[in-house]
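These notes concern the structure reproduced below.
The values are calculated or read from the model by the stated rules, or taken from the named source; none is laboratory data. These numbers come from a predicted model, not from an experiment. Ideal geometry is used to build each Cβ from the backbone, glycine not excepted, and the neighbour counts take in all protein chains shown.
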């Protein structure tokens, strides 16, 4: 088994710019890799829908003129190798995955220009926007208006990880490649360059008239290849193994259980 080792960090604030939080030279063996963000460290998750052309086509939708936004509560957040729990209300052939590039705001942002936007991003990570499709858009369950917030907001519905990679190390996020694998099958494989609204545009748009707090997570959207897009659909089943891999960041792995 590969031994994972890491340097000790001293200080309380991972977004500190004063120098009080530092990476030391002391190296220890990691017994268990925890998620990079705890629920109490994430004020809110702002999520973007319909942000890849292929996903828009498989959903039979049109390209939106501006980012389509919904929210997830911090109670959705879990880490690498933790289980996604599908509640009883969402177990009837509708549980789905959405591999996504996510980023974390490092300092308060309001009315930010596109030109300055990337400087407000502290780090990038992998995410999985777990979704319940019937509760999202079945008119007999959701009503005439799609229920994105409710259907995607259950506990454990936002795995994040396996780590945070600083914006300095990532550089240009459009050069990243995203891949989602479910039970050994590649379901999604797309370049982040295919985002309709890129990371800079999202920071600028979301910050207009609104303060993005440090620690806020932005889920940038999923490419084509979600379970609902197949014929017949490929819904998540109990015991499913999901992997979201993004080049330069790593692989987020989570299992699925039905409560």
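Below is a table of values for the structure above.
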{"read-out": "Residue check, residue 226 in contact (Cβ under 8 Å) with a residue 60 or more places away in the chain and farther than 18 Å from residue 50 by Cβ", "value": "no"}
{"read-out": "Single unsatisfied condition, residue 189 versus (1) touching a strand residue (DSSP E or B) at 6+ places or on another chain (Cβ under 8 Å); (2) surrounded by fewer than 18 Cβ atoms within 10 Å (Cβ to Cβ); (3) touching a residue at least 60 places away in the same chain (Cβ under 8 Å)", "value": "(3)"}
{"read-out": "From 143, 239, 225, residue being in contact with a strand residue (DSSP E or B) (Cβ under 7 Å, 6 or more places away or on another chain) and surrounded by fewer than 15 Cβ atoms within 10 Å (Cβ to Cβ)", "value": "239"}
{"read-out": "Residue tally, condition under 17 Å from the mean Cα position of the chain (by Cα) and part of a helix (DSSP H, G or I), over the stretch 151-199", "value": "9"}
{"read-out": "Hits in the stretch 12-34 (condition: part of a loop (DSSP other than H, G, I, E, B), in contact with a strand residue (DSSP E or B) (Cβ under 6 Å, 6 or more places away or on another chain) and farther than 30 Å from residue 71 by Cα)", "value": "30"}
{"read-out": "Identity of the residue in the stretch 1-16, over 25 Å from the mean Cα position of the chain (by Cα) and exposed (fewer than 10 other Cβ atoms within 10 Å of the Cβ), that ends up modelled with the lowest pLDDT", "value": "1"}
{"read-out": "Hey, residue 37 surrounded by fewer than 15 Cβ atoms within 10 Å (Cβ to Cβ) and part of a loop (DSSP other than H, G, I, E, B) or not", "value": "no"}
{"read-out": "Matching residues, the stretch 15-42, being in contact (Cβ under 8 Å) with a residue 60 or more places away in the chain and within 16 Å of residue 217 (Cα to Cα)", "value": "15, 35, 36, 37, 41, 42"}
{"read-out": "Residue in the stretch 158-172 that is surrounded by 20 or more Cβ atoms within 10 Å (Cβ to Cβ), within 17 Å of residue 256 (Cα to Cα), in contact with a helix residue (DSSP H, G or I) (Cβ under 6 Å, 6 or more places away or on another chain) and modelled with pLDDT of 95 or more present", "value": "yes"}
{"read-out": "Residue 48 buried (at least 16 other Cβ atoms within 10 Å of the Cβ), assigned to a loop (DSSP other than H, G, I, E, B) and in contact (Cβ under 8 Å) with a residue 12 or more places away in the chain", "value": "no"}
